[in-house]
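**Student:** There's a structure below that I have some questions on.
The values are calculated or read from the model by the stated rules, or taken from the named source; none is laboratory data. This is a predicted model, so every value here is computed, not measured. So basically every Cβ, Gly included, is an ideal-geometry build from the backbone, and we count neighbours across all protein chains shown. Accessible surface areas use protein heavy atoms only, side chains included; no ligands, DNA or RNA. Shrake-Rupley method; radii C 1.70, N 1.55, O 1.52, S 1.80 Å.
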Amino acid sequence: MTESNSILIKDTTIISDETKKASILIVDDTIQEISTKLNKNDAEKVIDGTNKITMPGLINTHSHVAMTLLRGVGDDQSLQTWLNEYIWPKEANLNEELVYLGSKLAMAEMIKTGTTTFNDMYFYVEETAKAVDESGIRAVLGYGMIDLFDEEKMKSELKTSEQLIKSCHNTCENRIKVAVAPHAPYTCSEELLVKSKQLATKNDLKLHIHVSETKQEVEDIAKDKKETPFKYLDNIGVLDSNTIAAHGVWTTADEMNIIKEKGVSIAHNPSSNMKLASGIAPIAEYLEKGINVGIGTDGVSSNNNLDMFSEMKLTAFLQKVNLLDPRVLPTKDTFDMATKNGAKALGLNTGIIEEGKLADIILVDTLVPHMTPLRNALSNIIYSSLGTDVDTVICNGNILMENKVLKTINEQEIIQEVNERAFEL
Ligand SMILES: [Zn+2]
């Protein structure tokens, strides 16, 4: 990692709550000052910010990053076929080493496309934590618990989560937080869901779960529990402001009121919902009701990349076409979802360029044809830019990429290793 106690991003166009031209002084892990008066003697390291848009690092609120190994597996199948016949049989062959490699590859991809924080749910989580440690990115990590209504399995799943809290929470200069992550109401027993929430509350952790992703799930829960998914989770005490619910595609008006009242955050995954034909989540309605919504990529095999720039554009376009109204999801709403709303969902002091916030910042190149002219920087970011326009990435005050060169990951080495090993699955 490039260690610099102070970094000055000089004379740049900053997009955050407002768009302005200024310089940013970072000291250690924090944004210390934003001003037009800073000069190059104020820091040990100076980054020229002219011709760059400087903005908060993007926050991916729902991922399974090691699934990079499964890129291209089971395309064009229904969610249940995809899971049962393609993904779960291959995941049964996963091991520590492979999860580490897949995670490392994902971090190379995320940093290169401007993501500085991700909220993950998967297996062999200590291996993902090791890759987080080495790559310098920020993460909320949960072990994806699935008991399939088996009591012994429930106990061992909870134990794995407890161990993860002990080994990883608040580690790596505080870049890693652990969340409790029961997979979904249709793969977890009621007892596991209740105990997961107790475990999260006892340790003051977030609870990360898939909810109301498909119509099938809603029908199954209605049969088993005589309730809608969010209502069922609310009845058993799982929902509050520490809950991050991925998807929320098929919610009723009644459920939206519960989500709002309980302060649950939604992680919206437009690519995954489109590719698996899960449906279109009512994001414009959520925002109108004041529900906190972040954006996620979900796993690579239902996306098939981790580029949050394309998720932002899809988020906006999907709502516009669904409601036949181009006025919904204006650029600032989409931008907030991918930055400060994500930080709010994860309970992190980041997602905005402001003095006192953690220094998670990206610089985006503007001297490319598709970003020209720079009439409206925010518009260009949401509708014109590509993840590969990201030039420089800073996370926790450390430079992870500069001039499009990764500083903490040997990119070619990890590509070669994954190409050699992914087929072991
Ligand atoms: Zn998912």
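**Student:** Using the scaling law 2.2 N^0.38 Å as the reference, what is the normalised Cα Rg of the stretch 201-320?
**Tutor:** Relative to the rule-of-thumb radius for its length, the stretch 201-320 sits at 1.03.
**Student:** Using the alpha-carbon centroid of each, what span in Å lies between the stretch 118-167 and the stretch 376-425?
**Tutor:** Spelled out, the Cα-based centre of one part sits 24 Å from the other.
**Student:** Run the accessible area of the chain with a 1.4 Å probe and give the carbon-and-sulfur part as a rounded percent.
**Tutor:** Heavy-atom surface of the chain belonging to carbon and sulfur, 1.4 Å probe: 48 percent.
**Student:** Please list, short to long, the whole-number percent of alpha-carbon pairs of the stretch 1-152 in consecutive 5 angstrom bins beginning at zero.
**Tutor:** Spelled out bin by bin, the stretch 1-152 gives 2, 8, 14, 16, 15, 12, 10, 8, 6, 6, 3, 1, 0 percent.
**Student:** Whole-Hz ³J(HN,Hα) for each residue in the stretch 379-394, computed from phi via Karplus 6.51 cos²θ - 1.76 cosθ + 1.60 with θ = phi - 60°, x for glycine and proline: what do you get?
**Tutor:** 4, 4, 5, 6, 9, 10, 6, 10, x, 6, 7, 5, 9, 9, 10, 10
**Student:** Roughly speaking, what is the stretch gain from K37 to D75, that is 0.36 nm per residue apart minus the C-alpha to C-alpha distance, in nm to one decimal?
**Tutor:** 8.4 nm
**Student:** Can you bin the stretch 1-65 into rounded, prolate or oblate? Criterion: square roots of the alpha carbon gyration tensor eigenvalues sorted a ≥ b ≥ c, rounded for a/c under 1.5, prolate for a/b above b/c, oblate for the rest.
**Tutor:** oblate
**Student:** What residues of the stretch 130-154 lie in the reach of a label at E96, counting those whose backbone N is under 12 Å from a point 7 Å from the Cα along Cα→Cβ?
**Tutor:** From the stretch 130-154, the list is 130.
**Student:** Right, next: Which value, in debye to the nearest 20, describes the size of the charge dipole of the stretch 58-346 about its Cα centre when Lys and Arg Cβ atoms bear +1, Asp and Glu Cβ atoms bear -1, and nothing else is charged?
**Tutor:** Approximately 780 debye in magnitude.
**Student:** Would you kindly find the accessible area of H169, with a 1.4 Å probe and non-protein molecules such as ligands, DNA and RNA excluded, rounding to the nearest 10 Å²?
**Tutor:** About 50 Å², rounded to the nearest 10.
**Student:** Can you tell me the relative contact order of the chain? Whole percent, Cα pairs under 8 Å, sequence separation 6 or more.
**Tutor:** Once normalised by length, the contact order is 23 percent.
**Student:** Sorted by packing (mean other beta-carbon atoms within 10 Å per residue), highest first, where do 46-52, 74-80 land?
**Tutor:** Result, highest mean first: 46-52, 74-80.
**Student:** In the chain, what % of DSSP beta bridges are antiparallel (nearest 5)?
**Tutor:** 45 percent
**Student:** Mind checking the alpha-carbon convex hull of the stretch 252-337 and giving the volume per residue in Å³?
**Tutor:** Taking only Cα atoms, the stretch 252-337 has a hull volume of 90 Å³ per residue.
**Student:** Measuring from label point to label point, each 7 Å out along Cα→Cβ, what is the L374 to E18 span in nm?
**Tutor:** Each label point is offset 7 Å from its Cα along the Cβ direction, giving 1.9 nm.
**Student:** Let me ask something else about it. Whole-Hz ³J(HN,Hα) for each residue in the stretch 290-295, computed from phi via Karplus 6.51 cos²θ - 1.76 cosθ + 1.60 with θ = phi - 60°, x for glycine and proline: what do you get?
**Tutor:** Going residue by residue, I get x, 7, 7, 10, x, 10 Hz, with x marking Gly and Pro.
**Student:** Give the peptides 345-352, 98-105, 149-156 in descending order of average Cβ contacts within 10 Å, highest first.
**Tutor:** The densest-packed peptide leads the list: 98-105, 345-352, 149-156.
**Student:** Please give the charge dipole size of the stretch 1-114, origin at the Cα centre, charges +1 on K and R Cβ atoms and -1 on D and E Cβ atoms. Round to the nearest 20 debye.
**Tutor:** Around 440 debye, computed over the stretch 1-114.
**Student:** Something else: Contour minus end-to-end for Q412 and E354, with contour as 0.36 nm per residue of separation and end-to-end as the Cα-Cα distance?
**Tutor:** 17.4 nm
**Student:** Tilt of helix 308-323 relative to the longest C-alpha principal axis of the chain, in degrees (0 to 90, nearest 10)?
**Tutor:** 60 degrees
**Student:** Measuring with a 1.4 Å probe in the full set of protein chains, what accessible area per residue, in whole Å², belongs to the chain?
**Tutor:** Dividing the accessible area of the chain by its residue count gives 39 Å².
**Student:** Show which aspartates and glutamates lie in cross-link reach of K275 when reach means a straight Cα distance below 16 angstrom and same-chain residues fewer than eight apart are skipped.
**Tutor:** Within the straight-line limit of under 16 Å, K275 reaches these aspartates and glutamates: D75, D76, E213, D298, D307, E311.
**Student:** Of N60, I14, A139, whose Cα points farthest to the positive end of the dipole of the stretch 1-144 (charges on the beta-carbon: +1 Lys, Arg; -1 Asp, Glu; origin at the Cα centre)?
**Tutor:** I14
**Student:** In whole Hz and in residue order, list the ³J(HN,Hα) couplings for the stretch 210-221 that follow from phi through the Karplus curve 6.51 cos²θ - 1.76 cosθ + 1.60, θ = phi - 60°; x for Gly and Pro.
**Tutor:** 7, 9, 6, 7, 10, 4, 4, 4, 4, 5, 5, 5
**Student:** Which value results when the Cα radius of gyration for the chain is divided by 2.2 N^0.38 Å?
**Tutor:** For the chain, the normalised Cα radius of gyration is 0.94.
**Student:** Using the alpha-carbon centroid of each, what span in Å lies between the stretch 302-328 and the stretch 186-251?
**Tutor:** Centre-to-centre (Cα) distance: 25 Å.
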